[in-house]
Amino acid sequence: MSAVSPSASSPRAASTSAARLSPFRVVRDPGLVRDVLHRPGDFSPANALVAVTPLTGSSLRVLQRARFALPPILASNDTDSHAGVRKVVAGFFTPATVAAIEPRIRELARESARTAAARLSQPAGALEGRVDLVDTVAALPPAVLMLELLGLDVPADELGALKAWSRESLELFWGWPDPERQLELARSAAAFYDWLRDLVRRSVAARSRNLFAALDEHGLTTPEICSLGYFLLIAGQETTTQLISSVLFRALEGSCPVTWAEACDPARAREAVRHVLATESSVPTWRRVTPRETTLGGETIPAGAEILLELTGNHGVGGPGRPTDYGLAFGSGIHRCLGAKLAELEAAVVVQETAAALPRIRLADASPEWLRLLSFQAPRAVTVKGPTGDS
Ligand code: HEM
């Protein structure tokens, strides 16, 4: 069988139709995926943030009016400037910083779980004794924590807009919207970018330590900082919300090796997170493009080939005494995700605290709609019902 296939992937990794994958050469074998990621000269990330559905003239005009631009600074940067920028960003997510923030993650996770419990115990009425865990426990903690770590001052009442903009931008760049929907999404991206530019200016002017001021000091221009900020403010929280949503759903559904009753144990919650990262991560694929002709697994790949790497769904899934291998879920090599440790910790703590606070809940909707974009996936809602306490 060909190592680099143009067809669709494993059922859980991405249920994207073959037609939608048609421009891509899909690389599924974990060894070959790693090989691609470790040869950035042969397989460039330059296409990482290119819109999957080409933008129409109307959408482009909306974005141009907002001076929206994504020059390659970090995730899509295949030049020598990448290492220096990466070092600045990495300084905000060191292992020590991430370990130190655990109590704050727990505090936010408990607060969210309490909100969910309070809503569930309201007399059946508007909520009909149901609550959506995506909205109540998965959505906000990752956004709050990311902004705190980056030193960015965003009022709490703007977080809802940040979440909506993030989802809409993911659909604009990684989805297949029709022209009408694309125009709506472009307007949302333009509004997000305006807001972001203002945040960048305020942050650079502030005297406190924050990411945008550090990038300014590193020599980046405002459009370059906005480009990085646009990617990071989405990737740094919405992907974690999606991971938490998938873990909550699979544990409650009973299709994960860790049951809901077991998920209140820290080690078991972590195991559940790693299982989902290995089998159906929130970022199931990532892209590369060949700047020149090269070879992969003995096959010749022409210049300009668009490569889709499957990062999840093809690992072994552990077994007694064997840890689950989820080693590609955060990429590999010089562009490996800078938030991997943070995302894993946040997901484990939120799942654990939710399972501990709501031990007797059940899924109210066993077949929710899933978000399925080229590189992002999660249940759109995890609606639950049931008593909130132990009794
Ligand atoms: C479940 C959550 C997440 C998943 C599955 C995920 C996955 C990924 C993947 C697959 C890449 C591309 C890696 C490559 O090209 O080799 C990436 C890059 C990146 N991620 Fe994440 N990510 C998550 C959360 C986060 C968080 C929480 C942050 C920061 C707060 C973050 C920051 C970044 C950055 C800065 C890059 C670009 C690194 C570079 O190009 O040097 N991610 N992520």
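Derivation of every value follows stated rules applied to the coordinates shown; laboratory data play no part. Nothing here was measured: the structure is a model prediction, and the numbers come from that model. We place every Cβ from the backbone using ideal geometry, glycine too, and count neighbours over all the protein chains shown.
Can you pull the one-decimal nm distance between simple spin-label points at Thr222 and Trp176, each 7 Å off the Cα toward Cβ?
For Thr222 paired with Trp176, the spin-label model returns 3.9 nm.
Straight distance only, please: which lysines reach the Cα of Lys87 with their own Cα at less than 24 Å, same-chain residues fewer than 8 apart left out?
Filter leaves Lys341.
Mind giving me the nanometre distance, one decimal, between the label points for Ala267 and Gln122, set 7 Å out from Cα along Cα→Cβ?
The two pseudo-label positions are separated by 4.0 nm.
Fully extended, how many nm does the chain gain between Ala356 and Glu306 (0.36 nm per residue separation, minus their Cα-Cα distance)?
Details: separation 50, 0.36 × 50 = 18.00 nm, distance 4.45 nm.
Residue separation times 0.36 nm, minus the Cα-Cα distance, leaves 13.5 nm.
Tell me the Kirkwood radius of the stretch 182-243: reciprocal of the mean inverse pair distance over distinct alpha-carbon atoms, in Å.
Roughly 12.5 Å, rounded to one decimal.
Among 282-290, 299-307, 353-361, how do they line up from the highest to the lowest mean number of other beta-carbon atoms within 10 Å?
My ranking of the peptides, most packed first, is 282-290, 353-361, 299-307.
What whole-number distance in Å separates the alpha-carbon centres of the stretch 61-104 and the stretch 271-288?
Centre-to-centre distance over Cα atoms comes out at 21 Å.
Hydropathy first: keep DSSP H helices in the chain averaging at least 1.6 on Kyte-Doolittle, then drop any whose Cα extent along the axis falls short of 15 Å, and list what survives.
Numbers: long enough: 102-120 (27 Å, -0.79); 140-150 (16 Å, 1.84); 159-174 (22 Å, 0.15); 179-205 (39 Å, -0.37); 222-235 (19 Å, 1.37); 238-253 (22 Å, 0.38); 266-280 (21 Å, -0.44); 340-357 (26 Å, 0.79).
Passing helices, by number: 140-150.
Rounded to the nearest 500 deg cm²/dmol, what is the calculated helix-only ellipticity per residue at 222 nm for the chain, with -39500 (n - 2.57) per DSSP H run of length n ≥ 4?
Helix-only estimate at 222 nm: -14500 deg cm²/dmol.
Work out, step by step, the length gained on full extension between Ala191 and Ala366: first 0.36 nm times the residue separation, then minus their alpha carbon distance; give nm to one decimal.
Details: separation 175, 0.36 × 175 = 63.00 nm, distance 3.52 nm.
Going from the current span to full extension adds 59.5 nm.
Obtain the nm distance between the two label points defined at Asp29 and Asp325 by a simple spin-label model: each point lies 7 Å from its Cα along the Cα-to-C-beta direction.
1.3
What list of ³J(HN,Hα) values in whole Hz, one per residue of the stretch 302-309 in order, does the Karplus curve 6.51 cos²θ - 1.76 cosθ + 1.60 (θ = phi - 60°) give from phi, with Gly and Pro shown as x?
Calculated HN-Hα couplings, in order: x, 5, x, 6, 8, 10, 10, 9 Hz.
Taking just the alpha-carbon atoms of the stretch 57-175, what radius of gyration and Dmax come out, in angstrom?
Rg and Dmax of the stretch 57-175, Cα atoms, are 19.0, 60 Å.
State the extension gain, in nm to one decimal, for the chain segment bounded by Glu184 and Ala164, taking 0.36 nm per residue of separation less the distance between their alpha-carbons.
On the way: separation 20, 0.36 × 20 = 7.20 nm, distance 1.25 nm.
Extra length from Glu184 to Ala164 when fully extended: 6.0 nm.
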